1. Could you go through region 49-69 and let me know if any residue there is surrounded by 18 or more Cβ atoms within 10 Å (Cβ to Cβ) and of a type in the set (Asp, Glu).
2. I'm told Val74 meets every condition in (1) at pLDDT 95 or above; (2) more than 10 Å from the ligand (Cβ to nearest atom); (3) under 28 Å from Arg146 (Cβ atoms) except one. Can you identify the failing condition by its number?
3. Given (1) of a type in the set (Lys, Arg); (2) under 23 Å from Arg75 (Cα atoms); (3) in contact with an Asp or Glu (Cβ under 6 Å, 6 or more places away or on another chain), where does Lys207 come up short, assuming only one miss?
4. Out of the helices (runs of 4 or more DSSP H) lying entirely within region 45-129, which hold 1 or more residues that are within 13 Å of the chain's Cα centre (by Cα), under 25 Å from Glu233 (Cβ atoms) and not β-branched (Val, Ile, Thr)?
5. For region 199-222, does any single residue satisfy the condition of being more than 22 Å from Glu6 (Cβ to Cβ), of a type in the set (Asp, Glu) and modelled with pLDDT of 95 or more?
6. Please state which of the following conditions Ile11 fails to meet, knowing it meets all the rest: (1) in contact with a Ser or Thr (Cβ under 9 Å, 6 or more places away or on another chain); (2) within 14 Å of the ligand (Cβ to nearest atom).
7. In region 14-37, what residues are surrounded by fewer than 22 Cβ atoms within 10 Å (Cβ to Cβ), polar (S, T, N, Q) and within 8 Å of the ligand (Cβ to nearest atom)?
8. Can we say Glu167 is of a type in the set (Asp, Glu), free of Cβ contacts under 8 Å to residues at least 60 places away in the same chain, out of contact with any Cys (no Cβ under 8 Å at 6 or more places or on another chain) and surrounded by 15 or more Cβ atoms within 10 Å (Cβ to Cβ)?
Amino acid sequence: MGKLIEQAADIIINSKSTIALTGAGISVESGIPDFRSAGGLWEKFDPAEYASISAFRSDPEKIWEMLREMDSVVRGARPNSAHIGMGELEKMGYLHYVITQNIDNLHQEGGTKNVIEYHGNSSTLSCLWCGKSYQAEEKRGEHPPRCECQKILKPDVIFFGEAIPQEAMSRSFQLASSAHALMVVGTSAAVSPANTIPGIAKQNGAKVIEINKEITHLTGTLTDIFLQGSAGEIISVLVDAVKRKGK
Ligand code: APR
């Protein structure tokens with residue numbers, strides 16, 4: 001692994017434009033279960049029944065059973081050494097943008113400034129009927145949270161069947177098409193269109209560094225360097241190598 005870390009550090013140091021695509025795996029060490037690993041959220045809640053916009057519109061109270069459980073976990077979570085390490089890489093000028101599929105705000109809390117939230121953010125809620133929006137914090141005691149027009153509010157996260165925010169999509173594709181290096185951290189790359197980002201980057205000549213505790217469908221195909229293990233540990237070692245070599 002040591003040799004691979006050195007190679008990944010060299011790529012990051014020599015890259016003029018490095019971006020990252022992250023998924024739920026980067027937040028597992030912060031106590032937030034991912035979706036598709038054993039014991040993941042989709043083992044408990046069938047996404048077809050709980051995570052589509054049509055399911056939310058037809059029975060928002062039922063969907064808030066899942067959302068409330070997610071919220072109680074996300075609220076107590078703190079950035080782990082993976083989020084903090086990526087914030088350090090950005091501060092040193094070695095990481096330019098993080099495109100995250102996560103809604104937990106942990107990249108921002110971990111110090112990264114340039115974050116594109118592909119699937120929205122759970123810290124605000126909106127009313128699908130009258131358009132009013134609220135901070136999730138101010139509605140925490142209400143189950144389910146209601147708008148002043150009495151309709152049940154929806155978190156500003158992207159459900160299956162909803163469009164990715166246009167700005168997030170176009171900015172991510174633009175960054176992917178001019179990146180020299182792409183770090184893919186803690187994602188199964190199972191969900192489109194986020195999972196098209198590695199292909200776009202690769203097609204345009206980027207080196208792909210994948211960090212995951214298991215192999216994915218990217219590992220044997222697009223990935224140039226596969227660093228297997230927990231994101232927190234791997235990124236800490238990688239940042240140390242970049243600091244040592246970058247001097
Ligand atoms: N360190 C590194 N990788 C990890 C760790 C860890 N500690 N824990 C889990 N992983 C890896 C898993 O091996 C898996 O490949 O993280 C990945 C998590 O995959 P998913 O659970 O599918 O999460 P994600 O890729 O973010 O899902 C994408 O699907 O359901 C939708 O909207 C949801 O944004 C989510 C999207």
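1. No; the residues of region 49-69 include none that is surrounded by 18 or more Cβ atoms within 10 Å (Cβ to Cβ) and of a type in the set (Asp, Glu).
2. (1)
3. Unmet condition: (2).
4. Working: elements: 47-50, 53-58, 60-75, 81-91, 106-109.
Once the helices (runs of 4 or more DSSP H) in region 45-129 are filtered for at least 1 residues that are within 13 Å of the chain's Cα centre (by Cα), under 25 Å from Glu233 (Cβ atoms) and not β-branched (Val, Ile, Thr), what remains is 81-91, 106-109.
5. Within region 199-222 (the criterion being more than 22 Å from Glu6 (Cβ to Cβ), of a type in the set (Asp, Glu) and modelled with pLDDT of 95 or more), the answer is yes, since at least one residue qualifies.
6. (2)
7. Ser37
8. Numbers: of a type in the set (Asp, Glu): yes; free of Cβ contacts under 8 Å to residues at least 60 places away in the same chain: yes; out of contact with any Cys (no Cβ under 8 Å at 6 or more places or on another chain): yes; surrounded by 15 or more Cβ atoms within 10 Å (Cβ to Cβ): no.
Spelling it out, it is not the case that Glu167 is of a type in the set (Asp, Glu), free of Cβ contacts under 8 Å to residues at least 60 places away in the same chain, out of contact with any Cys (no Cβ under 8 Å at 6 or more places or on another chain) and surrounded by 15 or more Cβ atoms within 10 Å (Cβ to Cβ).
The values are calculated or read from the model by the stated rules, or taken from the named source; none is laboratory data. Please read these numbers as outputs of a predicted model, since none were measured by experiment. Please note: Cβ atoms are built from the backbone with ideal geometry, for glycine as well, and neighbour counts cover all protein chains shown.
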